[in-house]
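One structure is given below, encoded as structure tokens.
Computed from the coordinates by the stated procedures, all read-outs in this text should not be read as laboratory data. Predicted, not measured: the structure shown is a model, and the values here were computed from it. Here the Cβ positions follow ideal geometry from the backbone for every residue, glycine too, while neighbour counts run over all protein chains shown.
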Amino acid sequence: MRPPNKKRFLLLAALLTVILVAMLATLSISGETPEDDAVIQVYSPFGLFSPGTIGALPGSAGTTMLEALGFNSTAEYQQYTLGLVNDLGVSWVRMDFIYDGWNFNEPAAYLSELHNNGIEVVGCVLPMNRFAPADLTSFNESFRQLVHKYPWIKVWQIGNEPDLAWDNPEDYPRFFRAGQQVVRQNCPDCRVALAGAGARWPGQDFEGWSKSLELYDRFIEDIVSQDPGDPAPFDIIDMHFYDFYRTDSGMLVTLRQYAALPRKHGLGSNIEFWITESATPTGPVSWPAGSPTQTEEQQATELVTRFVTMLGAQVKRVSWARFFENYRYLETEGGFFDHTGLIYNGIGAEAAEGIQPGTKKQGFYAYKLLIDKLNGCSQVNRLGDGKYLFYFTDEDRQPIYVLWDAGGTDPPDNLQGPVNVTDLAGNVIETHGESLTLGPSPIFVEQQ
């Protein structure tokens, strides 16, 4: 028998080593088999609520909106929004799974496309009606099947805004416990989120906001009393914030109130705080009566200052509500929610101004810039009102200041020397940190 060729043997061994290392790298990065591997994006806290869906619109309003935008089908609309999600750079989206009494209705193909593009999907399960079924047996089984159908969804939210959307909100803890048990039993490494609270909502007054807070106080008390074990009954508490330009002080008060609830009921400090819905409108608003008319610049400014302030208050994730403006949302044409999108749909006040359907607002570009600048952020320090400093997991990246006039035009004392300043339009200038004068619009400042 002829002895093996040593050179060929070494080349073959090297080739096999390369292949093995590549396979192990793929497994360690994705946590999945190569066949189910998705594109992995750098984590960021920035997300979107319900892109690509029109189910919340009444009657034929969704069809009217799709026609105005030039789409022939919902699937075509979803593919377009998938491109927008990638363009914007968000790392996660919250998608609603609506239980109709027998099954869950969900856009399966679109969800898979999001996953394959490296977008994390947070699933929110809720009943179609304004109440939970009296007998939750069918819901439990359908939800169990849903969890197994989407093993890559690792955060499940049980319900949405029972303080606003349910006829009997006091029944929510029963619904939560049923859903929570399904998740804990069928996906031990999944996290559970409490239903988002309609904490700040247009048309509500202080009494309405207080009522929502009191309800969630009772919800958590009820849930904890029935499930005092370890782990905690939920891992995430979610608050929704819809309001107008420059409402920072009220927002911080509301954040502190909701953040205090888990601790009040003995759940410790491991509960994360998320904002899965947030928005503010542009243009004239027909509802609520007396609403201010806001410019695109004001919406863009509010988006950035609001999200930065939230992150500075240790909120872990923030999300804007949808790409496109709605049409006749809550059966009200031209109301608050018809104007909060980051892209015009062509059937609002903009039509009279000649703005074409699909035109992106300044807020879209401001959000994209915010994500581009702060992707991979690992820590944020609040230096004062309107003064925040972001650090990154990549040690080679310099910290970034986000600054605006929130009661003072002077920059932070430690900001000195040559800096690059980027405004919301993406314009960059070189100057010195100590010579900066802050204005109402936020800027991104990086040391040279």
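Give me the one-decimal nm value for the distance between modelled label points at K149 and D410, 7 Å along each residue's Cα-to-Cβ direction.
Calculated label separation equals 6.0 nm.
Can you sort S278, S210 by how many other beta carbons sit within 10 Å, fewest first?
Details: S278 23, S210 12.
Listed from fewest to most nearby Cβ atoms, that is S210, S278.
Rounded to a whole number, what is D in µm²/s for segment 295-448 from Stokes-Einstein with the Kirkwood radius over alpha-carbon pairs (4 °C, 1.567 mPa s)?
The estimated diffusion coefficient comes to 77 µm²/s.
Picking from I223, I98, I429, which is most flexible by a Gaussian network model of the chain using Cα springs under 10 Å?
So, out of I223, I98, I429, the one fluctuating most is I429.
Taking the Cα centre of segment 331-448 as the origin and placing charges on Cβ (Lys, Arg +1; Asp, Glu -1), which of N345, G334, G386 is farthest toward the positive end of the dipole?
Highest projection toward the positive end goes to N345.
Under a Cβ-only charge scheme (Lys and Arg +1, Asp and Glu -1), can you give me the dipole magnitude of segment 321-386 about the Cα centre, in debye to the nearest 20?
380 debye
Determine the dipole magnitude for the chain: charges of +1 sit on the beta-carbon of Lys and Arg, -1 on that of Asp and Glu, nothing else is charged, the reference point is the Cα centre, and the result goes in debye to the nearest 20.
Values: 32 positive and 55 negative charges, 315 e Å.
Dipole about the Cα centre, nearest 20: 1520 debye.
Please report the spacing between the Cα centers of segment 188-202 and segment 203-257 in Å, no decimals.
Their Cα centres are 9 Å away from one another.
Contour minus end-to-end for Y391 and N420, with contour as 0.36 nm per residue of separation and end-to-end as the Cα-Cα distance? Each step should come with its number before you reach the end.
Working: separation 29, 0.36 × 29 = 10.44 nm, distance 1.65 nm.
Here the answer is 8.8 nm.
Mean Kyte-Doolittle hydropathy of 0.5 or higher plus an axial Cα length of 27 Å or more: which whole DSSP H helices in the chain meet both?
Taking the DSSP H segments of the chain (at least 27 Å long, mean hydropathy at least 0.5), we get 6-30.
Relative contact order for segment 383-447 using alpha-carbon pairs under 8 Å, separation at least 6, rounded to a whole percent?
Relative contact order of segment 383-447: 36 percent.
Going toward the positive end of the dipole of segment 46-375, with +1 on Lys and Arg Cβ and -1 on Asp and Glu Cβ, which of T64, Q356, F139 do you reach last?
Highest projection toward the positive end goes to F139.
Taking the Cα-to-Cβ direction at D100 and at L330 and moving 7 Å from each Cα, how far apart do the two end points lie in nm?
Roughly 2.7 nm, to one decimal.
Which of these values of mean projected area of the Cα convex hull in nm² was calculated from the structure shown: [x] 41.3; [y] 28.7; [z] 22.1?
Among [x] 41.3; [y] 28.7; [z] 22.1, the one calculated here is [y].
How high is the FRET efficiency between A56 and S435 when r is their beta carbon distance and R₀ equals 41 Å, given to the nearest 0.05? Spell out each step's value before the answer.
On the way: r = 48 Å, r/R0 = 1.18.
Approximately 0.25, to the nearest 0.05.
Please give, to one decimal in nm, the separation of the simple spin-label points placed at V428 and S249, each 7 Å out from Cα toward the Cβ.
3.7 nm
By how many nm would the segment from N86 to T137 grow when fully extended, if each residue of separation counts as 0.36 nm and the alpha-carbon distance is taken off?
14.5 nm
Summing -39500 (n - 2.57) over the DSSP H runs of n ≥ 4 in the chain and dividing by its residue number, what mean residue ellipticity at 222 nm do you reach, to the nearest 500 deg cm²/dmol?
It comes out at -11500 deg cm²/dmol, rounded to the nearest 500.
At what distance in angstrom do the alpha carbon centres of segment 399-442 and segment 292-336 lie from each other?
Segment 399-442 and segment 292-336 have Cα centres spaced 24 Å from each other.
What number, in percent, do you get for the relative contact order of segment 179-278 if the mean sequence gap of Cα pairs under 8 Å and at least 6 apart is divided by its residue count? Before the final figure, lay out the partial values.
Numbers: 110 pairs, mean separation 34.1, N = 100.
Worked out over segment 179-278, it gives 34 percent.
Identify which of N270, N427, N186 has the largest mean-square fluctuation in a Gaussian network model of the chain, with springs joining Cα atoms closer than 10 Å.
Top of the fluctuation ranking is N427.
Normalising by the residue count of the chain, find the relative contact order in percent from Cα pairs under 8 Å and 6+ residues apart.
13 percent
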